[in-house]
Amino acid sequence: MKFAIFGDIHANLEAFDAVMEDAKALGADQFVCIGDVVGYNANPHECVSRLQELGCPVVKGNHDEEASATTEIVGLNPLAHAALEWTRHQLTTEDKLWLRNLRMVRQVRDFTIVHATLDTPTGWAYVMNRFDAMASYVLNKNVSFQLNVQNLGDKVYFDRVSSPHYAGVGAGRSATLTANLKF
């Protein structure tokens, strides 16, 4: 059994098809989507349909939540507002219902999937540095772990992120596990 875990499709049908083709060629026979099926790109309905046909476990991403919401769009810049409004018009009523009914957290065999973080799955916080990710490793109030893996297998490593749209390239190659225990 080999899993292909993917997310942030963002309505990019061509990229979604390419990833699925590659995953199957690499022997994947189980598929899991960690959300953001829609948003930004030209094929929100088609990506929802393709994912439904796949029948794999899916969790809701922030774009899925906003695109399927019945509330007024508030708090976005004009470009993001227009894109979200356009996406809502491309989705069928059934698409929106399917997206709206996705769970935030889902157990898949022996692991858990979430689009955001395990400790606040509806928080939609961006991970801007390695400390932002730390809360997901909290086991309980007395035991927490932080694992930082940096460029152990890739040639390009993004060691700093200053916004959701900018990442700086670094060359670090290390892994660090920190345990915090309270007695």
Self-check item: Distance between modelled label sites at Met104 and Trp124, nm, 7 Å Cα→Cβ extension
Solution: 1.2
Quiz prompt | Nearest-20 debye value, the stretch 1-125 charge dipole, Cβ charges on Lys, Arg, Asp, Glu | solution = 340
Self-check item: Loop-located GluC sites (Glu not before Pro) in the stretch 48-88 whose Cβ has at most 14 other Cβ within 10 Å (DSSP)
Solution: Glu72
Quiz item: For Lys24, Lys182, what's the fewest-to-most ordering of other Cβ within 10 Å of each Cβ?
Solution: Lys182, Lys24
Quiz item: Counting DSSP beta bridges with both partners in the stretch 1-125, what percentage is antiparallel, nearest 5?
Solution: 40
Exercise. Calculate I(q)/I(0) for the stretch 1-125 by the Debye formula, one identical point scatterer on each C-alpha and no solvent, and give its log10 at q = 0.23 Å⁻¹ to two decimals.
Key: -1.41
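Each reported figure results from applying straightforward, stated rules to the coordinates on display, with no laboratory input. Everything numeric here is computed off the predicted structure, so don't read it as measured data. Note that we place each Cβ from the backbone using ideal geometry, even for glycine, and neighbour counts take in every protein chain shown.
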